[in-house]
1. Filter the range A:1-40 for residues that are in a helix (DSSP H, G or I) and open to solvent by 50 Å² or more (accessible area, probe 1.4 Å) and give the result.
2. For the subset of the range A:507-521 comprising residues that are surrounded by fewer than 22 Cβ atoms within 10 Å (Cβ to Cβ) and in a helix (DSSP H, G or I), which member is farthest from the ligand (Cβ to nearest atom)?
3. In the range B:26-49, is there at least one residue being facing chain A (nearest Cβ under 7 Å), in a loop (DSSP other than H, G, I, E, B) and open to solvent by 20 Å² or more (accessible area, probe 1.4 Å)?
4. Enumerate the strands (runs of 3 or more DSSP E) found wholly within the range A:80-150, keeping only those where 2 or more residues are of a type in the set (S, T, N, Q).
5. Return yes when A:L135 is in the same structural domain as A:G196 (by TED's automatic domain parsing), more than 12 Å from A:G30 (Cα to Cα) and either within 16 Å of the ligand (Cβ to nearest atom) or open to solvent by 10 Å² or more (accessible area, probe 1.4 Å) (or both) and no when it is not.
6. Taking the residues in the range A:254-281 that are open to solvent by 30 Å² or more (accessible area, probe 1.4 Å) and at negative phi as candidates, determine which candidate is nearest to the ligand (Cβ to nearest atom).
7. Filter the range A:452-476 down to the residues that are open to solvent by less than 10 Å² (accessible area, probe 1.4 Å) and part of a helix (DSSP H, G or I), then identify the one that is nearest to the ligand (Cβ to nearest atom).
8. For the condition crowded, with 22+ Cβ neighbours inside 10 Å, within 14 Å of chain B (Cβ to nearest Cβ) and either within 24 Å of the chain's Cα centre (by Cα) or among the β-branched types (V, I, T) (or both), what is the one hit in A:I495, A:I529?
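The values are calculated or read from the model by the stated rules, or taken from the named source; none is laboratory data. Being a predicted model, the structure only gives us computed values, none of them experimental. Quick reminder, even Gly has a Cβ in these numbers, built from the backbone with ideal geometry, and neighbours come from all protein chains shown. Accessible surface is based on the protein model in full, side chains and every heavy atom, while ligands, DNA and RNA are left aside. Shrake-Rupley method; radii C 1.70, N 1.55, O 1.52, S 1.80 Å.
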Amino acid sequence: MDKILRIKMQGSGDPVVSVENLGEYAGLGGRAMTSMVVAKEVPPDCHPLGAKNKLVIAPGMLSGTAAAMSGRISIGCKSPLTGTIKESNAGGQAAQVLARLGYAAIIIEGKGNGKDLYKIFINKDGVKVSVDNGLKMLGNYATVEKMKAEFGEKVAIISIGQAGEMKLPAASIACTDMEQRPTRHAGRGGVGAVMGAKGVKTIILDDAGLSNRKPVDEQKFREANREFVNGIRKHGVTGQALPAYGTNVLTNILNEAGGYPTHNFRTGFFEGGAKISGEEQARLMTERGGQPTHGCHRGCIIQCSGIYVDKNGNYISKQPEYETVWAHGGHCGIDDLDKIAVLDRMDDDIGLDTIDTGVAIGVAMDGGLLSFGDADGAINLLKEVEKGTPLGRLIGSGAEIIGKVLGVERVPVVKGQAIPAYDPRSVKGVAVTYATSTMGADHTAGYGVATNILKVGGFVDPLKGEGQVDLSRNLQIATAAIDATGMCLFIAFPILDQPETFNALVDIINAMYGLNLTGDDVAALGKKILSAERDFNKKAGFTKEHDRLPTFFKEESLPPHNTVFDVTDEDLDKVYNF
Amino acid sequence: MRVKVKLFATLAKGRFGERGLELNASTTVLDVVNLVGVDSNDVALIFVNGRHSSFDYLLQEDDRLSLFPPIGGG
Ligand code: SF4
């Protein structure tokens, strides 16, 4: 990973490809790379769909090595959904392959010409950018089929669906998984719309003839990786629960804890929760011959994912994640797993973030466009997005916009991005993250749920305001650093609880790069990333008044615990005191 | 007194998901864990009426006790 690939799309004339040395970006990966490039090179006041925005695609520091769990890719830009800086993170094969190809980042600049759609093919011999208008308004699945036919069964494919081409604010970027299906998405923040604005439909990555990146100290690397793998295997969450039930194991516990936002955040308990739980999903997949345990990329040893099949055993989608099951399920009053799996498949195909799309549909239900519980109505709305009708485009624009259009007061967003599957009033640590994250409402940016609900990394009472700001700050710093490594964020469970596993991770990085980093250096990296992101947002016009939740969370109490969000504004403003 | 007991994820395997139990007064959570044949080492998370609780909590009439192994996601 010693070079950067720049591709400048031009209004007229052919795209210009150049390969550069890393220069000042040396040693960066993942979110550190995307955020530093955006902070340095993108004018904060630019229009996210304009020529001055850049789309940065970066494998993590450890991607493409033999380190377990290292296949996450970061995609960054200025977000069309939030107007903030954005790093959206995905699994799938792309990170490993891109890293083996030697690129620490692909930076796509400029703007498409508005009529041609490009594909970019990268292999060991170079880069080929060509027009392929036959891909116009195809879904991700059809796009991937065509690329497979052209480039073979071994390539990793990054693509956008119709939503990205239409430049909708909830548009995602898909990455293919081990089966070459476009199921792993950089979902949040409308990164797909930025790719669409550049006129790029797909990027095909071929690492034929290349091997894993070599560590500076191979022996130390192997030993540290062994310790790291042991730590992941012995922790109850990553060794047992996630492989057996997937992330959707959370449905029951959030429901039990009264933190499961139901019917557009009216109560914290969903009657139909058990019917759409991870336990039920795993039971059903075992019965039908699906696969409840499956990795999203080679080198994943947790394998939280799975393959969802219908009652005849035919593939529908990957196993929908907890947040997807919530957004299309309890949030909308839908308790039918098969319908939720169809919605997941459609989101992946059209190229939509499942959270922003599901939350938008729930807000539309609140606004009377359809009834809560109407699964077929939800499916029809996604068909509208696919066709690009005005109504479909409104849904694909996310909760804030559809809420305005329908005159809905209860719109659960921060900085325009939908609040995910943990109610701010009964899981207050993650709510502080929603309010203050540089990304808009994003649970992954500082997963307070771990400590509030799951008792990982200690315990802070989810229903009280005390301790949440410190919790969120520490998690946001740690997360920014993990997002730079290319590690799947679920390694946070063992590394929060087991110091030796955290040390093993630091040792892997040191052995890879020949460094002597300590835990403090890792924290310093997290702070550096957050500071750069925050500085960008400030220049883009964001103030502390934007670091707030919608007021209904402070005013309306949430059953069953009848709590409100009561962390004060002054305390929220202390999150970045570091 | 009557208490509702709910077991989740691996704890429910070979046992039950939900059951009403008739218990003597001064029964603790740990007593119930033993009674239903769960190894207390396998219990990571205890909720009573939707709030975090502990093994030594004295159960009350109509309590809902929910037990989980270590779980996570996100
Ligand atoms: S644990 Fe899940 S999300 Fe993480 S890398 Fe593995 S399959 Fe992908």
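1. Initially, the range A:1-40 is screened for residues in a helix (DSSP H, G or I), giving A:23-25, A:30-40.
Across the range A:1-40, the qualifying residues are A:G23, A:E24, A:K40.
2. Our first condition is that a residue be surrounded by fewer than 22 Cβ atoms within 10 Å (Cβ to Cβ); within the range A:507-521, this holds for A:507, A:510, A:513-521.
When the remaining residues are screened for being in a helix (DSSP H, G or I), the result is A:507, A:510, A:513, A:519-521.
Details: A:D507: 20, A:N510: 22, A:Y513: 22, A:G519: 22, A:D520: 26, A:D521: 24 Å.
Ranking the candidates gives A:D520 first.
3. Quick first cut of the range B:26-49, residues facing chain A (nearest Cβ under 7 Å) only: B:44-45, B:47.
Filter once more, keeping what is in a loop (DSSP other than H, G, I, E, B): B:44.
This time we only want the ones that are open to solvent by 20 Å² or more (accessible area, probe 1.4 Å), so: B:44.
Yes, the range B:26-49 contains at least one residue that is facing chain A (nearest Cβ under 7 Å), in a loop (DSSP other than H, G, I, E, B) and open to solvent by 20 Å² or more (accessible area, probe 1.4 Å).
4. Numbers: elements: A:85-90, A:103-110, A:118-123, A:126-131.
By residue number, A:85-90.
5. On the way: in the same structural domain as A:G196 (by TED's automatic domain parsing): yes; more than 12 Å from A:G30 (Cα to Cα): yes; either within 16 Å of the ligand (Cβ to nearest atom) or open to solvent by 10 Å² or more (accessible area, probe 1.4 Å) (or both): no.
Considered against the rule, which asks whether it is in the same structural domain as A:G196 (by TED's automatic domain parsing), more than 12 Å from A:G30 (Cα to Cα) and either within 16 Å of the ligand (Cβ to nearest atom) or open to solvent by 10 Å² or more (accessible area, probe 1.4 Å) (or both), A:L135 comes out as no.
6. We begin by selecting, within the range A:254-281, every residue open to solvent by 30 Å² or more (accessible area, probe 1.4 Å); these are A:263, A:266-267, A:269, A:271, A:274-275, A:279-280.
Adding the requirement that they be at negative phi leaves A:266-267, A:269, A:271, A:274-275, A:279-280.
Values: A:R266: 30, A:T267: 29, A:F269: 27, A:E271: 29, A:A274: 23, A:K275: 23, A:E279: 18, A:E280: 19 Å.
Per the stated criteria, the residue is A:E279.
7. Among those that are open to solvent by less than 10 Å² (accessible area, probe 1.4 Å) and part of a helix (DSSP H, G or I), it is A:Q476.
8. On the way: A:I529 fails: within 14 Å of chain B (Cβ to nearest Cβ).
Residue meeting the stated conditions: A:I495.
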